[in-house]
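**Q** My questions will all concern the structure given below.
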Amino acid sequence: MKIVVLGATGTIGKAVLELLQSKGHEVIAASRSTNPSVNITDPVTIEQFYEQIGEVDAIVSVAGEAAFVPVDKLTDDQIQLSVNSKLLGQINMVRKGLSRLRPNGVAVITGGFLAYNPAPQTAMIAMVNAGLEGFTKAAALDLTQGCRILIVHPPWVAETAAALGMDPAPWPNAAETAQAYLTAVESTKTGEAIFVEGYAPAGF
Ligand SMILES: NC(=O)c1ccc[n+]([C@@H]2O[C@H](COP(=O)([O-])OP(=O)(O)OC[C@H]3O[C@@H](n4cnc5c(N)ncnc54)[C@H](OP(=O)(O)O)[C@@H]3O)[C@@H](O)[C@H]2O)c1
């Protein structure tokens, strides 16, 4: 398959890129620092990016920022960044990529476990993750020609936990987390949330 990995230079995205390549897929790495580049907060660059890469079988997004700040300390700019980057950025990456998606193609976006198990300081992240899941469930109903959309909700990733000064031991590493994206690409599911194996919230 020809697969775009948005966020391919990041902690999780790099592991997703390596895993998909190891399975023989043709992977196009995308971020603000790749060539061609894309900035998901700027819809014009998304259109220019797709014009350059042409048709694909899968769009896998592992990018987008959201503020990790207590709700009473959030600034207008931090709220706007969360909405424009992780929420609308990924939605626009999918929306503008649909015309480039081949029949039976798949779009996979990234939310996060905090949609289900919020923690202090995560009001923006939890809101964006839950919004992305709502988008996924509804957008799946509009897709045609066998195309699918799924959302992966990673838990904390060990590398990120360590970088934040948390105990990384309870969490999967990026390579283990990447397996959920491979599962999403290779599955026949649509309009659903995918969790890293062993890290689904209660009820899943
Ligand atoms: N790491 C975790 O523990 C964890 C847990 C749950 C959910 N998540 C979610 O997973 C996603 C990836 O997390 P991560 O930790 O791997 O992030 P990361 O290491 O910070 O990497 C982010 C990636 O996205 C790209 N990117 C950021 N803003 C962009 C933009 N405006 N346009 C295009 N590309 C952009 C970055 O590349 P450039 O800077 O070159 O553009 C980089 O490749 C995020 O949405 C995060 O909320 C992460």
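Any read-out appearing in this document is the output of simple, stated calculations on the displayed coordinates, not a laboratory observation. The model shown is predicted, which means the values in this text are computed figures rather than measured ones. Quick reminder, even Gly has a Cβ in these numbers, built from the backbone with ideal geometry, and neighbours come from all protein chains shown.
**Q** What fraction of the DSSP beta bridges in the chain is antiparallel, stated in percent and rounded to the nearest 5? Working shown, then result.
**A** Values: 0 of 22 bridges.
Counting DSSP beta bridges with both partners in the chain, the antiparallel share is about 0 percent.
**Q** Grab the DSSP H runs of the chain that are 4 residues or longer, score each as -39,500 (n - 2.57), total them, divide by all residues and round the 222 nm result to the nearest 500 deg cm²/dmol.
**A** Details: 7 runs with 77 residues, N = 204.
Calculated mean residue ellipticity at 222 nm is -11500 deg cm²/dmol.
**Q** Let me ask something additional. Would you check the range 2-195 for Lys pairs whose C-alpha atoms are within less than 26 Å, ignoring same-chain pairs closer than 8 in sequence, and give me the count?
**A** 18
**Q** Also, I was wondering about something else. For the range 29-149, rounded, prolate or oblate, judged on the Cα gyration tensor with a ≥ b ≥ c (square roots of eigenvalues), a/c < 1.5 rounded, else prolate if a/b > b/c? Could the numbers behind the result be given before it?
**A** Values: a/c = 2.66, a/b = 1.53, b/c = 1.74.
Verdict is oblate for the range 29-149.
**Q** Near THR110, within a Cβ-to-Cβ distance under 15 Å, what is the net charge of the other residues, with Lys and Arg +1 and Asp and Glu -1?
**A** Values: positive: LYS14, LYS86; negative: GLU65, GLU133, GLU192.
Taking every other residue near THR110 into account, the sum is -1.
**Q** Also, quick follow-up: So for the chain, averaging the separation of alpha carbon pairs under 8 Å that are six or more residues apart and normalising by length, what relative contact order in percent results? Mind showing how you got there, number by number?
**A** Numbers: 401 pairs, mean separation 41.9, N = 204.
It rounds to 21 percent for the chain.
**Q** Now for a different question. Within 10 Å of each residue's Cβ, count the other Cβ atoms and sort PHE49, PHE204 from fewest upward. Before the final figure, lay out the partial values.
**A** On the way: PHE49 23, PHE204 11.
By the 10 Å Cβ count, ascending: PHE204, PHE49.
**Q** May I ask you to compute the full-extension gain from ALA200 to GLN121, defined as 0.36 nm times their residue separation minus their alpha-carbon distance, rounded to one decimal in nm?
**A** Numbers: separation 79, 0.36 × 79 = 28.44 nm, distance 2.14 nm.
So the extension gain works out to 26.3 nm.
**Q** Mind giving me the nanometre distance, one decimal, between the label points for GLU51 and THR75, set 7 Å out from Cα along Cα→Cβ?
**A** Going by the 7 Å Cα→Cβ label model, 3.4 nm.
**Q** Also, quick follow-up: What's the FRET efficiency of PHE68 with ASP42 using the Cβ-Cβ distance as r and R₀ = 25 Å, to the nearest 0.05?
**A** Numbers: r = 23 Å, r/R0 = 0.92.
According to the calculation, E is roughly 0.60.
**Q** Taking the Cα atoms only, what angle lies between the long axis of helix 11-22 and the longest principal axis of the chain, rounded to 10 degrees?
**A** Helix 11-22 and the main axis of the chain meet at about 30 degrees.
**Q** May I ask for the angle, rounded to the nearest 10°, between helix 174-186 and the longest principal axis of the chain, with both axes built from Cα atoms and the value confined to 0 to 90°?
**A** In the chain, helix 174-186 runs at an angle near 40 degrees to the longest axis.
**Q** Where nothing but the Cβ of Lys and Arg (+1) and of Asp and Glu (-1) is charged, how large is the charge dipole of the chain around its Cα centre, in debye to the nearest 20? List each step's numbers first, then the result.
**A** Details: 13 positive and 19 negative charges, 69 e Å.
It works out to roughly 340 debye.
**Q** May I pose another question? Provide the gained length on full extension for the span GLN179 to ASN84, in nm with one decimal, where the gain is 0.36 nm per separating residue minus the Cα-Cα distance. Could the numbers behind the result be given before it?
**A** Working: separation 95, 0.36 × 95 = 34.20 nm, distance 2.74 nm.
Taking GLN179 through ASN84 to full extension adds about 31.5 nm, to one decimal.
**Q** Next up: Kindly state, to the nearest 0.05, the FRET efficiency for ASN35 paired with SER99, given R0 = 25 Å and r defined as their beta-carbon distance. Kindly include the intermediate steps, with their values, before the conclusion.
**A** On the way: r = 23 Å, r/R0 = 0.91.
Computed FRET efficiency for ASN35 and SER99: 0.65.
**Q** Determine, for VAL108, VAL69, VAL44, VAL152, the number of other Cβ atoms within 10 Å of each Cβ, and report the residues in order from fewest to most.
**A** On the way: VAL108 29, VAL69 17, VAL44 8, VAL152 25.
So the ranking, lowest neighbour count to highest, is VAL44, VAL69, VAL152, VAL108.
**Q** Still on this structure, please answer the following. Within the range 1-23, which residues have the backbone N less than 11 Å from the label spot 7 Å out from ALA163 along Cα→beta-carbon, could you tell me?
**A** 9-14
**Q** Here's a follow-up. For the chain, report the translational diffusion coefficient in µm²/s to the nearest whole number, using Stokes-Einstein at 37 °C, 0.692 mPa s, and a Kirkwood Rh over Cα pairs.
**A** 194
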